[in-house]
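Take a look at the structure set out below.
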Amino acid sequence: MLQGALAGLAAGGLYAVLAVCLTLMSRLVRVVNFAQSATGMFGCYVAVFLSVQFGLPTWLATVAGILLGGSLSALLGWIVSTWLAEADTGTRSAVTVAVLLLLISLSFILFGNKPQPFHPILDGPAFTAGGVVISQVTVVTVVLAVLVALASRLVLTRTSAGVELRALSERPTTAELLGIPAKRLSVAVWAVTGVISTLVISIVAPSQSNDATSLAMLVVPAAAAALLGGFRRLDLAVAGGLVLGLIQGAAAQVDGLSVVRYFLPFGVIVALLLWSQRKEVWDAAR
């Protein structure tokens, strides 16, 4: 079970990175981006296509796929920033659901509905601790999750661009009147989170279920982790992703719980939503 739990840390690191991206999107551009992992999935699929069909080196195809994932995310951000600038969070987020379904359908048309032959970017164990093997993928995803969260916090608190982004998220109209380039900053956030999502998915996909639907729906456990921090706190988003991965990995080693682990993110989301509404419910009951 310990081996399984530590193996689940690879997925946990993936959830944590995506949760940080979702949290940044919610805080800075007022969108819960349900297409966060779908753009990454599509970029990774194109990378595999370029590698298999055109014989591109794996690293070059991966770079091309990461750039495509970031570009798709930036394009979506430009559309939202241009035509839905004054819309509420629910409306802006609903657009990303449509994009999620569009990218899944498009991947079925172009690449089929079967898992793709991903070439591992990282392979083999990193080290062994107490008889438990820790893979390179696990180490890299966990470190990447922590680094992305720390770098995001530093940018938001220590740079002028970060101050502008915070002003834009809290007082968008006032920020624009002060001359802050709202659209350019918003598109930049979309692009950066798109690049990060595609990068981490390209690292983990070879060792996970990598059909289009499975990769695109990674947004569900990522949303569960982000919800732990209320889509505001980066540290809790990272912790939530790692813990969720650990629990799923441990549950996979128990026969009676191996199927339940797939429903765990949905259970976490429901529980956190009910807990967040406890004050209103208790007040109404009183």
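The values are calculated or read from the model by the stated rules, or taken from the named source; none is laboratory data. Since this is a predicted model, take the numbers as computed values, not measurements. So basically every Cβ, Gly included, is an ideal-geometry build from the backbone, and we count neighbours across all protein chains shown. All accessible areas refer to the heavy atoms of the entire protein, side chains included, with ligands and DNA or RNA removed. Shrake-Rupley method; radii C 1.70, N 1.55, O 1.52, S 1.80 Å.
Sorted into 10 angstrom bins from 0, the C-alpha pair distances of the stretch 101-193 split as 13, 24, 23, 25, 14, 2, 0 percent.
In whole angstrom, the chain maps to an equivalent ellipsoid with semi-axes of 30, 25, 18, each derived as √(5λ) from the alpha carbon gyration tensor and ordered largest first. If you find the alpha carbon centre of the stretch 205-248 and of the stretch 8-52, how far apart are they in angstrom? Going from one Cα centre to the other spans 9 Å.
Roll a 1.4 angstrom probe over the protein heavy atoms and tell me the percent of accessible area of the stretch 111-232 that is carbon or sulfur. Within the stretch 111-232, the accessible surface is 62 percent carbon and sulfur. Since only Ser105, Asn33, Ala151 are under comparison, the one whose Cα sits farthest along the positive direction of the charge dipole of the chain, derived from C-beta charges on Lys, Arg, Asp and Glu, is Ala151.
For Lys114 and Glu170, what does the FRET efficiency come to when R0 = 45 Å and r is the distance between their Cβ atoms, rounded to the nearest 0.05? If you can, show how the numbers build up before the last one.
Details: r = 45 Å, r/R0 = 1.01.
The formula returns an efficiency of 0.50 here.
The three principal axes of the C-alpha atoms in the stretch 79-131 carry coordinate ranges of 55, 32, 16 Å, sorted with the longest axis first. Here each label is just a point 7 Å from Cα along the line to Cβ, and for Ala161 and Thr91 those points are 2.9 nm apart.
Dividing the mean sequence gap of close Cα pairs (under 8 Å, 6+ apart) by how many residues the chain holds gives a relative contact order of 38 percent. Got a number for carbon plus sulfur as a percent of the stretch 9-67's accessible area, 1.4 Å probe? Answer for the stretch 9-67 is 73 percent, counting heavy atoms of protein chains only. Size descriptors for the stretch 147-251, from the alpha-carbon set: Rg then Dmax equal 16.3, 52 Å.
With the biggest extent put first, the Cα atoms of the stretch 1-132 measure 55, 38, 24 Å across the principal axes.
When the dipole is taken about the Cα centre of the chain, and only Lys, Arg (+1) and Asp, Glu (-1) are charged at their Cβ, what size is it in debye, to the nearest 20?
Working: 16 positive and 11 negative charges, 101 e Å.
I would put it at about 480 debye.
Each Lys and Arg contributes +1 and each Asp and Glu -1, all at the Cβ; summed about the Cα centre of the stretch 153-227, the dipole is approximately 260 debye.
Taking every protein chain into account, the accessible area of the chain amounts to 49 square angstrom per residue (probe 1.4 Å).
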